[in-house]
Each structure stands twice: as structure tokens, then as C-alpha cells.
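Engineer: Following this message is one structure expressed as C-alpha cells.
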Amino acid sequence: MLDANMKQQLQGLLTNLREPIELLSSLGDDAKSAELAALLDDIAALSDKVSVTRTDDDARRPSFLIRRVSDANVAVRFAGIPLGHEFTSLVLALLQVGGHPPKVSAEVLEQVAALDGDFHFETYFSLSCQNCPDIVQALNLMSVVNPRITHTAIDGGLFQAEVEERKIMAVPTIFLNGQNFGQGRMELEQILAKLDSGAEAKAAEKIAAKDAFDVLVVGGGPAGAAAAIYAARKGIRTGIAAERFGGQVLDTMAIENFTSRPVRAGASSACRARMPIATRASPIARTATARSTRASASR
Ligand SMILES: Cc1cc2nc3c(=O)[nH]c(=O)nc-3n(C[C@H](O)[C@H](O)[C@H](O)COP(=O)(O)OP(=O)(O)OC[C@H]3O[C@@H](n4cnc5c(N)ncnc54)[C@H](O)[C@@H]3O)c2cc1C
């Protein structure tokens, strides 16, 4: 299933596994099940910390569970074959279930771990969907961190009957405990804000504890990012309140009229904007929606 180049790259990445993991497959007699079996065999052959077993214990076929051997609660399930845009999600799931630390702040990880409740997420994706990996990766990570969260990422192309039954019109579409939870690109912090009823009050407390800003920019799109960077580089104490950095650019496949540059992928432009913001302006709240602002004379 994987070509020699991909195998070599994946083998290198799998050296980051800290703990043994197992791939538990549920397969049918169809061609896609045979493809998935071949993919899982390929992965297992690349690391002595990965084993594969056919369990046929899940109704969705083909599907597989990635599970930590030492703790069965640490697991991520894919229904379908996560190649295409979801290959990165597969690699990250393998590594994180295997104990490799995620690149997320300790504060966010604590917030995920502290979520009180049982959350079973299902995400419908397609292999050509550019907005799907963010949500798949965020929910996979949450299910690795908190044993009361589970996540199944489902390739809608392979499970058409479900897509029709659940009236799914676009991907990604997310269900929580069987109910529609949302659609479209969402970041980990946005999911948390929807789940954690105390998140808004906690964020407000943190903001209130900060000194007043000379300039507060509302919104993290290109205009907000440019304004914040420009103000901060002039030494002005600058804050930025943003639900997500990038604004509409995150939903853009390619920007062709960026002067002096060839075509750029939308999300990559947004990520580059985030770097100078992080170093110069103070992002007072990543997931904040500003409802009102007021000037303060206190310094
Ligand atoms: C599919 C698509 C393709 C595009 N292609 C191109 C292209 O090729 N070339 C081009 O030049 N332009 C393109 N555009 C347009 C370009 O993306 C926008 O012009 C640009 O993003 C506008 O930047 P902005 O910062 O003014 O606003 P936005 O990008 O809309 O950002 C504003 C941000 O502020 C946030 N916000 C709003 N209210 C609040 C609040 N109260 N509190 C906190 N946050 C808030 C919003 O959530 C949003 O994230 C495209 C747009 C789309 C949707």
C-alpha cells in the first residue's frame, strides 16, 4: 500500500513511539478491507513497537482501532483507509497513542483532561477534504488525553448509507453522542470552548488579570494580524482577541494575487501570520469572541 519513500519516512517517524501500540482491525471480504489489511501490515512491519491483529469486533468494516498496549483507554478509531489528506492524521494518531507528546500547550491539555462527561465523537471526512484533518486530529488528540472521550473518524465515501441516513451534506461533519455537533473546520480550542461550560468565564478571568492594552485588535484575519504586528513592532502594548488566526484565509484553497509571491496555500499563509503575532503581540484569548470593548485609563 505504501511506496518505498513513504515507508522510509514513516519508519523514521515511528522511532518516536515510546510505548507499544496495537492495530485492531475489523474487515469484510471486500477490496477496501484487503487494502486496509495491507496498509496495517505495512505499518506494523516498520516498527517492533507496532503489532496488528484482526478482531472483527466493530460493526463498521473496514475499520481499525489504534490502541496503547499498556492502557486500553488510550485509543483512536478510523473507519475507512486514512490516506490522502488524512495520512498525517493517521501518523499523528499512531505517535500520540504511542506516547509521543503532542504539540499543544500544557494549559490546553489540562483543559481537555479536566472535561467532565462522556463524549463520543464521530467525524465524517473525505480523503480530498482540506478542512477535515484539523478536526480529525483535534478530536483524536482529545481522545488520547481524556479516557472519557472517544473518537471515530469515518470516511464518508466508504460509508454512504450512514451519510444518507444522517443527512450529511458536507464534510467535515461532527456528531457528539449521536447528535449533530458542528460542520466545517474547527480547531481544538474552538471545540473546547463549545464543550467546557466554564471556559468563557476562565478566559474572562485571565483577560481581566492582564494590564490594559494601548491597542486591542478584535479579529485575527489578515487585517487584524497586520494591524497587531504593525502596532506591536512600534513598541505599543498590543493585544489581539481572535477566535482563530487566519480569518477567511483558513477557508481558502490558494491565494493567487499575493504580490511578489507565487500561489500560496491559504492555511499556510495563516500559520505564517501567527508566528510574528505570537512573538510581538499578546494573543489575549485565542477562542474569544469580543462582544464589547471599553477603554481603560489604568496602566
Ligand atoms: C473561499 C475564499 C477564497 C478567497 N480567495 C482570495 C484570494 O485568492 N485572494 C484574495 O486577495 N482574497 C481572497 N479571499 C478574501 C480574503 O480571504 C479576505 O478578503 C480577507 O481574509 C479579509 O481579511 P480580514 O482580516 O478583513 O477579515 P477576515 O479574514 O474575515 O477575518 C476577520 C476575523 O475576525 C473574527 N471576528 C469577527 N468578529 C469578531 C469578534 N467580535 N471577536 C473576535 N473575533 C471576531 C472573524 O471570526 C474572523 O476570523 C478569499 C475568501 C474566501 C472565503
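Engineer: Within the stretch 114-136, name every residue whose backbone N is under 18 Å away from a label modeled 7 Å from Cα of THR88 along the Cβ vector.
Structural biologist: 125-136
Engineer: From Cα coordinates alone, what are the radius of gyration and Dmax values for the stretch 4-195 in angstrom?
Structural biologist: 15.7, 45
Engineer: Obtain the nm distance between the two label points defined at MET169 and LYS202 by a simple spin-label model: each point lies 7 Å from its Cα along the Cα-to-C-beta direction.
Structural biologist: Distance between label points: 3.4 nm.
Engineer: Estimate the FRET efficiency between ALA4 and SER70 by the formula 1/(1 + (r/R0)^6), using the beta-carbon distance for r and 35 Å for R0, to the nearest 0.05.
Structural biologist: E between ALA4 and SER70, to the nearest 0.05, is 0.65.
Engineer: What residues of the stretch 37-64 lie in the reach of a label at HIS120, counting those whose backbone N is under 20 Å from a point 7 Å from the Cα along Cα→Cβ?
Structural biologist: Within reach of a label on HIS120, which here means backbone N under 20 Å from a point 7 Å along Cα→Cβ, the stretch 37-64 contributes 55-64.
Engineer: Still on this model: With the convex hull built on the Cα atoms of the stretch 112-223, state its orientation-averaged projected area in nm².
Structural biologist: Orientation-averaged projected area of the Cα hull: 9.0 nm².
Engineer: Pairs of Cα atoms under 8 Å, at least six residues apart: use those to get the relative contact order of the stretch 1-140, whole percent.
Structural biologist: It rounds to 25 percent for the stretch 1-140.
Engineer: Right, another one. Summing Lys, Arg as +1 and Asp, Glu as -1, what charge do residues with Cβ under 12 Å from the Cβ of LEU23 carry, LEU23 excluded?
Structural biologist: It works out to a net charge of +2.
Engineer: Using label points projected 7 Å from each Cα along Cα→Cβ, tell me how many nm separate ALA161 and LEU13, to one decimal.
Structural biologist: Modelled inter-label distance: 3.2 nm.
Engineer: Next question. Which of the listed residues, GLN183, ILE255, ASN146, is farthest toward the dipole's positive end in the chain, when Lys, Arg count +1 and Asp, Glu count -1 at the beta-carbon?
Structural biologist: So the residue we want is ILE255.
Each reported figure results from applying straightforward, stated rules to the coordinates on display, with no laboratory input. None of the values given here were measured: they were computed from a predicted structure. Cβ sites come from the backbone with ideal geometry, for glycine too, and all protein chains shown count toward neighbours.
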